[in-house]
Amino acid sequence: MRAALVGLDFGKSDFAASLDELFLLAKSAGAEPVTTITGKRASPDAALFVGSGKAEEIAEAVADLQLDIVIFNHAISPAQQRNLERLLKVRVLDRTSLILDIFAQRAQSHEGKVQVELAQLQHLSTRLIRGWTHLERQKGGIGLRGPGETQLETDRRLLGVRVKALRGLLEKLRRQHATQRRARGRNATFSVSLVGYTNAGKSTVFNALTKAGTYAADQLFATLDTTSRRVYLGESGHVVISDTVGFIRELPHQLVEAFRATLEETIHADLLLHVVDAASPVRMEQIEQVNMVLKEIGADHIPQILVWNKIDTVDLEPVVELDEYDRIHRVFISARTGAGLDLLRQAIADALGASILARNASQAQAADSQGMQS
């Protein structure tokens with residue numbers, strides 16, 4: 001599918017990096033980016049997002065290059081999408097729809113598929129442009145329409161029924177996760193979650209630490225389903241390490257909400273390993289984006305170690321950096337070559353040791369206060 005990529009510069013510092021990311025997203029979704037059209041504006045045009053002159057330029061490119069789709073590096077409104085499709089005579093996607101499409105392709109587990117479908121329906125319910133006959137076919141259609149209902153109203157109602165069913169299913173899965181976590185808690189198992197920007201190398205780090213052999217690829221959103229493994233750290237004992245979905249700038253809110261069941265592994269972790277692509281020129285912005293999502297899901301209070309991965313590509317040495325309180329702040333590693341993995345294991349073991357000391361101190365304090373009361 002031949003695509004034009006469209007990005008408007010609204011004065012943000014990460015404009016070029018965001019466009020590079022859109023190119024990778026489009027490739028990940030199976031599109032062939034043929035041309036990139038950019039422009040500068042102070043704010044989006046209400047009707048066409050890009051303004052009439054730029055829209056005509058895109059229309060000419062669509063005709064000249066025989067393009068099938070136009071992908072915007074922004075979230076555009078249903079009205080803007082409708083107006084653009086009328087003018088361009090091809091399908092128009094925004095960044096949110098593109099990310100949702102990639103998630104739909106990559107979801108493997110039953111839970112992942114449920115979460116993606118919910119996110120897609122929540123997004124698409126705001127833009128019923130083409131008529132949802134496929135939904136009516138699934139539900140039987142005839143006999144379901146209320147008196148005086150239009151096709152659009154029927155579609156909206158069927159959507160609402162499906163969204164409600166998916167939410168109920170996710171709530172059930174969430175309760176199952178909570179039961180599993182309580183069992184781990186009773187066993188006092190220290191839990192570690194890998195978080196980070198998409199394609200930072202989380203799954204490669206996970207495989208290197210756990211020998212799990214989960215799918216890892218140099219592409220955006222290679223991992224959608226949480227995978228957990230027990231890892232033995234010698235005298236320190238066992239920990240449970242979980243690999244989670246990657247984050248990205250402007251991660252659609254519907255996805256964060258729908259993937260809450262998966263991301264709760266992150267919320268309830270004892271330690272976060274925040275994996276960073278050391279070779280990325282925008283790594284500091286990526287760290288900031290990940291921390292924003294962690295705050296949104298309520299995981300910003302959990303102790304965090306920055307794991308600077310891919311040091312083999314930028315000629316850095318494996319090393320541990322401490323903060324002003326002598327706590328481990330950063331560990332420099334290469335999951336691909338194995339450099340620094342021993343330092344990372346030791347950092348996890350140290351965090352486990354500190355957690356056990358804190359837990360014992362808390363229990364002793366609670367026992368003392370009970371003794372004083374009695």
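The values are calculated or read from the model by the stated rules, or taken from the named source; none is laboratory data. What you are looking at is a predicted structure, and each value in this text was computed from that prediction instead of being measured. Neighbour counts run over all protein chains shown; Cβ positions are idealised from the backbone, glycine included. The accessibility values were calculated without ligands, DNA or RNA, using every heavy atom of the protein model including side chains. Shrake-Rupley method; radii C 1.70, N 1.55, O 1.52, S 1.80 Å.
Return the only residue of A79, A47, A59 being open to solvent by 20 Å² or more (accessible area, probe 1.4 Å) and either in contact with a His (Cβ under 8 Å, 6 or more places away or on another chain) or closer than 15 Å to L5 by Cα (or both). Walk me through it before giving the result.
Values: A79 fails: either in contact with a His (Cβ under 8 Å, 6 or more places away or on another chain) or closer than 15 Å to L5 by Cα (or both); A47 fails: either in contact with a His (Cβ under 8 Å, 6 or more places away or on another chain) or closer than 15 Å to L5 by Cα (or both).
The unique qualifying residue is A59.
Within the range 3-36, restricting attention to residues that are open to solvent by 30 Å² or more (accessible area, probe 1.4 Å) and touching a Leu at 6+ places or on another chain (Cβ under 7 Å), the residue that is farthest from A63 (Cα to Cα) is L24. Restricting attention to the range 59-79, the residues being small (G, A, S) and in a loop (DSSP other than H, G, I, E, B) number 2. Within the range 241-268, restricting attention to residues that are open to solvent by 10 Å² or more (accessible area, probe 1.4 Å) and either among the charged types (D, E, K, R) or farther than 30 Å from I76 by Cβ (or both), the residue that is modelled with the highest pLDDT is H268.
Every listed requirement among (1) more than 26 Å from the chain's Cα centre (by Cα); (2) under 27 Å from Q289 (Cα atoms); (3) open to solvent by 20 Å² or more (accessible area, probe 1.4 Å) is met by G39 save one, (3).
Condition check ((1) assigned to a strand (DSSP E or B); (2) in contact with a Gly (Cβ under 7 Å, 6 or more places away or on another chain); (3) of a type in the set (V, I, T); (4) at pLDDT 90 or above) across all residues:
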{"position": "L19", "(1), (2), (3), (4)": "no, yes, no, yes"}
{"position": "L22", "(1), (2), (3), (4)": "no, yes, no, yes"}
{"position": "P33", "(1), (2), (3), (4)": "yes, no, no, yes"}
{"position": "A47", "(1), (2), (3), (4)": "no, no, no, yes"}
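Does the range 80-102 contain at least one residue that is within 19 Å of K12 (Cα to Cα), of a type in the set (A, V, I, L, M, F, W, C) and not in a strand (DSSP E or B)? Among the residues of the range 80-102, not one is within 19 Å of K12 (Cα to Cα), of a type in the set (A, V, I, L, M, F, W, C) and not in a strand (DSSP E or B), which makes the answer no.
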